[in-house]
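Everything on this sheet refers to the single structure shown next.
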Amino acid sequence: MTTASICTIGDEILIGQIIDTNSSYISRELGDAGIRVREMLSIGDDHDRIVQSLRKELENSDIVITTGGLGPTKDDITKAALAELSGSSHYVEHPGQMEMVYRILHSRGLEVLDINRQQAMVPDSCEVIVNRLGTAPIMVFRFGPERFGHQATLYSLPGVPHEALGAVADVVNDIKSHYRLDSITHRTIMVYGMAESALSKLIEAWEDALPPDMHLAYLPNQLTGVRLRLSVYGGDRQENAARIEERFSALKEILGDMVYSDGDDTLQGAIGRLLRGSGKTLSAAESCTGGEIAHLITTVSGASEYFLGSVTSYAPEIKIRVLSVSPETIDSCGIVSSGVAAAMAEGVRRLTGSTYAVATTGWADAYGDEHEPAGTVWVGVAGPAGTKTARFNYKNDRKRNIERFSASALNELRKMIESDLKA
């Protein structure tokens, strides 16, 4: 199978000044094309280190893709390092990229300086894919088997995300024209409601029975649960997809309503699919989550069709005055309790006239009371069939607890809606 390494170049990533979003996108695109990414690497702005690291990657991978270090300033040294690596004797002007330099700068009302023209100068050892989104070219260096023991190609992309990602399609097409690519078949289901370790134990027998060529990955995320991905490398894609579907069908029998989606998804996305086009609506009442649930719901395109609004009832008097929570319930059960969560959900449902409502009340950090310890949340969900509550306790920092509280609330809501639709 054709393999690849992805290398980011620049101190700004190593010191945490920026987040590398390029590599994950490039990796997904390569995987979809049938190229297996074997390594991701970040290299600082050091000429010798760049040369040495890329030489090693070219020895171990068929394809190396770099991003970064191609700007007009003196700290952008990737081009010089690639010239040395490829044995270039001099630089030449690439007319297509020079034309793009003039076009882009003139469109911005900027003068074309010598430093800008230098960007269209490339090592004579490379081919160029014109960068239509920026001034730095996409350089392609091809090496025969005598250099690294196998056919190897290095693609140098700009580091600016919209330029790098915009170049990926051209790079993949070039790879396809020079390499025979095998298929990679991935399939994912989303699971919520069980920790990764417990989930692994529950499905141990199922996992042990997987064919040798089928690989399972656990990809946990506190906002979305555990993403289970089955992969098959090589073979017929359609046949492998059918084999994976058969295995996942058996897994769903084991996991039941913990499975909320076939494919990469979020809990709020799953709720949106359930409600969209149904005529049913949703509202939220939040205390400890401080609006996070409403935020997550409204990240879904089309949420205005079913989401009516929310109340962030942080203070007890707002719970009482706006949501009609009984003061006696708060006094007898505690502000963080099943009774308050249920009353909040019912109150916001009445207030907005929504079909469903979800509510949270909890202690997100080091504080608790005589009723409940720190890290506890009570979730209330209300709908046509009644009201349910659920208690969760997480021992994380405040931010992570709020995220987990919100995800748990969305999952309880999702289960209620699914149950109603099946009834």
Kirkwood Rh and Cα Rg combined as Rg/Rh, segment 184-262: 0.95
Length added when fully stretched, Met121-Asn393, from 0.36 nm per residue minus Cα-Cα: 91.9 nm
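Taking R0 as 41 Å, what's the FRET efficiency between Val112 and Leu41 from their Cβ-Cβ distance, rounded to 0.05?
It comes to 0.75.
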Candidates Arg227, Arg391, Arg108, ranked by Gaussian network fluctuation over the chain, Cα under 10 Å, top entry: Arg108
Label-to-label distance, nm, for residues given as Thr299 and Trp206 (7 Å Cα→Cβ offset): 2.6 nm
Among Ala198, Ala167, Ala241, residue whose mean-square fluctuation peaks in a GNM of the chain (springs only between Cα atoms under 10 Å): Ala198
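Length gain on complete extension for the stretch Glu418 to Asp264, per 0.36 nm per residue less the alpha carbon to alpha carbon distance? Each step should come with its number before you reach the end.
Values: separation 154, 0.36 × 154 = 55.44 nm, distance 1.87 nm.
Value of the extension gain: 53.6 nm.
Would you mind working out the magnitude of the charge dipole of the chain relative to its Cα centre, with +1 at each Lys and Arg C-beta and -1 at each Asp and Glu C-beta, to the nearest 20 Debye?
Here the size comes out at about 1000 debye.
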Distance (nanometres) between label positions extended 7 Å along Cα→Cβ at Arg321 and Ser249: 5.8 nm
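Explain nothing, just the number: dipole magnitude of segment 267-422 about its Cα centre with +1 on each Lys and Arg Cβ and -1 on each Asp and Glu Cβ, in debye rounded to the nearest 20.
Values: 17 positive and 16 negative charges, 124 e Å.
Its charge dipole is roughly 600 debye.
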Gap separating the Cα centres of segment 345-395 and segment 158-219, nearest whole Å: 36 Å
Check: segment 1-127 dipole with +1 on Lys, Arg Cβ and -1 on Asp, Glu Cβ, in debye: 200 debye
Candidate aspartates and glutamates - alpha carbon under 19 Å from Lys319, same-chain residues fewer than 8 apart omitted: Glu286, Glu292, Glu328, Asp331, Glu346, Asp369, Glu372
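Grab the beta carbon distance between Asn173 and Arg103, set R0 = 22 Å, and tell me the FRET efficiency rounded to 0.05. Intermediate results must be reported in sequence, preceding the final value.
Working: r = 23 Å, r/R0 = 1.03.
The computed FRET efficiency comes out at 0.45.
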Segment 3-178 shape via C-alpha gyration tensor axes, a/c threshold 1.5: rounded
Quotient of C-alpha Rg and 2.2 N^0.38 Å, computed over segment 267-422: 0.96
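Between Asp48 and Ala217, what is the FRET efficiency for a Förster distance of 22 Å, r being their Cβ-Cβ separation, to the nearest 0.05? Mind showing how you got there, number by number?
Details: r = 36 Å, r/R0 = 1.64.
Efficiency computed from Cβ-Cβ geometry: 0.05.
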Extreme residue, positive dipole direction of segment 39-114, given options Pro95, Gln52, Leu105 (C-beta unit charges): Leu105
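Since every read-out is calculated from the coordinates, none of them should be taken as a lab result. Since this is a predicted model, take the numbers as computed values, not measurements. Ideal geometry is used to build each Cβ from the backbone, glycine not excepted, and the neighbour counts take in all protein chains shown.
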